[in-house]
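Working notes, structure below.
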Amino acid sequence: MSFSSDVKTELCRTGPDKPCCARAEAYGALLYGNTFTAREVRLITESESFAARLPQLLDRAFGLRFDRLPAAGERKYIFQLTDGEKIRRIIDAFGFDSRQSPVLHINFGLLEEECCRSAFLRGAFLAGGSVTEPSKGYHLELVTSHAQASRELLALLTDMGRQPGQTARNGSHVTYFKNSEQIEELLTLMGAPVSAMELMNAKAEKELRNSVNRRVNCEAANLDKAVDAAQEQLEAIRRLYGLDRVEGLSASLKETIVLRETYPELTLSQLAEEFEPPITKSCLNHRLRKLIELSKA
C-alpha cells in the first residue's frame, strides 16, 4: 500500500462523532469528489476504507442511502445518487438553493467550529487528496474540478494559519503543501497523527543520513588532504637526502624527519604526539614547512 492509502485508512478510523462533523466531512468529500450537481452525485474511490465509510457517512450526515453501490469485482468503488429528492435534501443541508448549482461556494457558516473544519478537510482529502511517500519528498495536495471551491479552500486554510500553494492541472484545481511541518500539522488536524509521526520519523532519518554523509565526505576530503601533505613532506625529505643536507640540519628537524618517515600515515595532530616531549600541531607544521622550503632551495 502507498503512504496515501495508509493515511486514508487511518483517517477512516476517526469519528465523526457529531452530526455537524459528519455533514462537514460529507461536504468536503462531495466538493472534492467526482460529480456534485443538482442532478447527480457520484463518488469514485480506490480506497477500501473510504468505500466502507461512505455509506455510513451519508446516513450519519443526512439519513440517506446511495442509489448505486459498488458492484462486486469492480477495481474502483463507485457510489451514486440520482434521486432528485435525496440530492435536494443534501443541497438544502449545505444552505444552498436546490435550484442552483451547489458547487459554487463553500458555506463557511457550516465550518465555524474547529472540529467541523477538520472534518471538512478530512472529507476533501479522502475524496480528492494524496500525499507523497515521505522517503521521496514532501508534497500533499487536494484536487477538485470546482474553481470557486478551490479558491475558498485557500481562504479557509489561510484563515487557519496555513500557507498552501495553488495551481491548475489538466482542468483541475490543486491546493498543495510542500513544507513538511505544515503537512505534519495538516495530517494531525485531519485525524492521522500516526501518519504525521511516520513523516516526522522519515524526515529525521533523512536529515541524519544526510548529516552522516556530509561528515563522511568531509572526513574523506580531510584524509585526502592529509595524505597529499604527507606525500609532499616525504618527497621533500628524499630530496634533502639526495642533496646531502640532512646531517647539517638542527636536531629538531632531524627528529621531525625520523618520525615522519617512521609514521607516514599519521595526521599532524597524531604525529605531534609522538615527539618526546610532545609538541603542538602548529610547531610540527612549521618544521615540516621548513623542510619543504630547504628541499627547494
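The values are calculated or read from the model by the stated rules, or taken from the named source; none is laboratory data. Source: prediction; values computed, not measured. Every residue, glycine among them, receives a Cβ derived from its backbone with ideal geometry; neighbour counts consider all protein chains shown. Quick note on the areas: whole protein, heavy atoms, side chains included, nothing else; ligands and nucleic acids left out. Shrake-Rupley method; radii C 1.70, N 1.55, O 1.52, S 1.80 Å.
How would you classify region 1-79 from its alpha-carbon gyration tensor, with a ≥ b ≥ c the square roots of the eigenvalues: rounded for a/c under 1.5, else prolate if a/b is greater than b/c, otherwise oblate? Cα axes put region 1-79 in the oblate bin. Charged neighbours of residue 59, selected by a Cβ distance under 15 Å, balance to +3 (K, R count +1; D, E count -1). By the helix-only formula, in which each DSSP H run with n ≥ 4 contributes -39500 (n - 2.57) and the sum is divided by residues, the chain has a 222 nm mean residue ellipticity of -18500 deg cm²/dmol.
Let me have the relative contact order for region 147-198, percent, based on Cα pairs under 8 Å that are six or more residues apart.
On the way: 38 pairs, mean separation 12.3, N = 52.
Once normalised by length, the contact order is 24 percent.
Over the C-alpha trace of region 147-290, radius of gyration and Dmax come out as 30.6, 90 angstrom. Between rounded, prolate and oblate, where does region 1-136 land on the alpha carbon gyration tensor, with a ≥ b ≥ c its root eigenvalues, rounded for a/c under 1.5, else prolate if a/b exceeds b/c? Because a/c hits 1.5 or more and a/b fails to exceed b/c, region 1-136 counts as oblate.
Taking every protein chain into account, the accessible area of region 32-148 amounts to 49 square angstrom per residue (probe 1.4 Å). Accessible surface calculations at 1.4 Å, restricted to protein heavy atoms, place region 167-267 at 61 Å² per residue. Computed from Cα positions, the angle between helix 193-242 and the longest principal axis of the chain comes to roughly 20 degrees. Taking max minus min of the alpha-carbon positions on each principal axis, region 174-227 gives extents of 56, 24, 11 Å, largest first. Alpha-carbon geometry of region 43-92: the Rg and the Dmax are 11.2, 35 Å, given in that order. Taking only the Cα atoms of region 206-279, the radius of gyration and Dmax are 16.6, 57 Å. Taken over region 1-44, the percentage of Cα pairs per 5 Å bin, counting from 0 up to the bin with the maximum distance, is 6, 18, 19, 25, 20, 9, 3, 0. Taking the protein heavy atoms of the chain in the context of the full set of protein chains, the accessible area attributed to carbon and sulfur is 49 percent at 1.4 Å. Residue ranges 21-30, 68-77 sort as 21-30, 68-77 when ordered by packing (mean number of other C-beta atoms within 10 Å per residue, highest first). Given axes a ≥ b ≥ c from the Cα gyration tensor, I'd like to know whether region 60-175 is rounded (a/c under 1.5), prolate (a/b larger than b/c) or oblate. Verdict is oblate for region 60-175. Volume per residue for region 144-202 equals 87 cubic angstrom (convex hull of Cα atoms).
Helix 114-128 and the longest principal axis of the C-alpha atoms of the chain enclose an angle of approximately 80°. The long axis of helix 19-31 is offset from the longest Cα principal axis of the chain by roughly 80 degrees. As a ratio to 2.2 N^0.38 Å, the alpha-carbon radius of gyration computed for the chain takes the value 1.80.
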